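The values are calculated or read from the model by the stated rules, or taken from the named source; none is laboratory data. On a predicted model such as this, the values are computed, not experimentally measured, just so you know. Every residue, glycine among them, receives a Cβ derived from its backbone with ideal geometry; neighbour counts consider all protein chains shown. What goes into the accessible areas is simple: the full protein's heavy atoms, side chains included, and nothing from ligands, DNA or RNA. Shrake-Rupley method; radii C 1.70, N 1.55, O 1.52, S 1.80 Å.
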Amino acid sequence: MLEEIDSVYKLALGAIERGVTLHELVADWPGTDKVNVTTLAEQGRLLSPIDHPDPAHLLVTGTGLTHLGSAEGRDRMHRRLNDAETLTDSMKMFRKGLEGGKPASGVIGVQPEWFYKGDGGIVAAPGATLNMPSYALDGGEEPEIAGIYVIDDRGVPCRLGFVLGNEFSDHVTERENYLYLAHSKLRACAFGPALCLGALLDDVRGVSRIRRNDAVLWEKPFLSGEVNMCHSIANLEAHHFKYAQFRRPGDIHVHFFGTATLSFSDDVRTQQGDVFEIEAGGFGPALRNSLATLEQEPPVVREI
């Protein structure tokens, strides 16, 4: 453990101030205490890999239709039976990515689908419960890789590394109409437990599963990394951080890069008590979160 440092956020700010990488800063700032991450995970004592002292300054966003094969499940959700020979908007967006999502270095390619999930208040720690609001129609996992960023005092995004993530969405709501995508994404999420420093592997191979009553209900491999994507990481970053409001000094960004694997596409319907597990080589212990329903009353607006 690092002495005199109580958060990854402070560690990142220290590295930015000194003009060094996190690798270099950690090597120069060793502590004496050691912890076993696997044991902490089993005890449910892990926090998310990063947080902000003011949750409103941690923004969670993402991109969709970025992975090879990811359009198939979405297209099945959006396609109309009487229009089977016409490309849906999902397929058109996916095709744009195939044709222009990996531009040459220094060139900005086609922009991806983009969505906002929420701020730091929606983040569930590894091992914690993912709360599905009572008005939701579904609570389904989305196994993804996410990038973690801190904006420096000059407004420059600084990438700390990558994490496993469960982007967790309401796929039934989205299926009703693709214009409900924004509503379907305003849900909880989880990421971690480990923050992997440096560049993302070109070929990430993992497994996503759902356990129900201690038995495996569903399990499927998932792929990520640029070999398995129709957009480059640099292009996804360029289109997110091109907006000035996302370059506010001191803010943290957690940006999900998409997936091609959903239990919903295999007609799995989750229920309260199910446990999501997402794991991939090189990303530390599995990310585990259980599903619960959070009862919510309709909001009442007060006039003043």
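Quick one: is PRO249 part of a loop (DSSP other than H, G, I, E, B), more than 16 Å from the chain's Cα centre (by Cα) and surrounded by 15 or more Cβ atoms within 10 Å (Cβ to Cβ)?
No.
Within region 27-46, residues that are open to solvent by less than 90 Å² (accessible area, probe 1.4 Å) have Cβ atoms under 6 Å from residues that are modelled with pLDDT under 85 in these pairs: TRP29/LEU2; GLY31/MET1; GLY31/LEU2; GLY31/GLU3, counting only partners at least 6 apart in sequence or on another chain. Only one entry in ARG175, ARG187 is open to solvent by 10 Å² or more (accessible area, probe 1.4 Å) and modelled with pLDDT of 95 or more, namely ARG187.
Given the structure, is GLN272 in a helix (DSSP H, G or I) and open to solvent by 30 Å² or more (accessible area, probe 1.4 Å)?
Working: in a helix (DSSP H, G or I): no; open to solvent by 30 Å² or more (accessible area, probe 1.4 Å): yes.
When the stated conditions are applied, GLN272 does not pass them.
One residue stands out among those in region 215-246 that are farther than 26 Å from ASP152 by Cα and of a type in the set (Asp, Glu): the one that is most open to solvent (accessible area, probe 1.4 Å), which is GLU219.
All of (1) touching a helix residue (DSSP H, G or I) at 6+ places or on another chain (Cβ under 7 Å); (2) part of a loop (DSSP other than H, G, I, E, B) hold for THR61 with one exception: (2). As for region 205-214, it holds at least one residue that is in contact with a Ser or Thr (Cβ under 7 Å, 6 or more places away or on another chain), touching a residue at least 40 places away in the same chain (Cβ under 8 Å) and more than 29 Å from ARG154 (Cβ to Cβ). Of the residues that make up region 56-74, is at least one under 30 Å from VAL172 (Cβ atoms), among the hydrophobic types (A, V, I, L, M, F, W, C) and modelled with pLDDT under 85? Looking through region 56-74, at least one residue is under 30 Å from VAL172 (Cβ atoms), among the hydrophobic types (A, V, I, L, M, F, W, C) and modelled with pLDDT under 85.
The one condition from (1) at pLDDT 80 or above; (2) farther than 27 Å from GLY155 by Cβ; (3) touching a strand residue (DSSP E or B) at 6+ places or on another chain (Cβ under 9 Å) that VAL37 does not meet is (3). A count restricted to region 125-142 and to residues that are closer than 22 Å to ILE252 by Cβ, in a strand (DSSP E or B) and open to solvent by 10 Å² or more (accessible area, probe 1.4 Å) stands at 1. The numbered conditions (1) under 27 Å from GLU42 (Cα atoms); (2) outside any strand (DSSP E or B); (3) of a type in the set (Gly, Ala, Ser) are all true for SER208 except (2). If you go through region 47-58 and keep only what is assigned to a loop (DSSP other than H, G, I, E, B) and open to solvent by less than 20 Å² (accessible area, probe 1.4 Å), you end up with PRO49, ILE50.
For region 194-204, the set of residues classified as without any contact (Cβ under 8 Å) to a residue 60 or more places away in the chain and open to solvent by 40 Å² or more (accessible area, probe 1.4 Å) consists of ALA199, ASP202, ASP203, listed by residue number.
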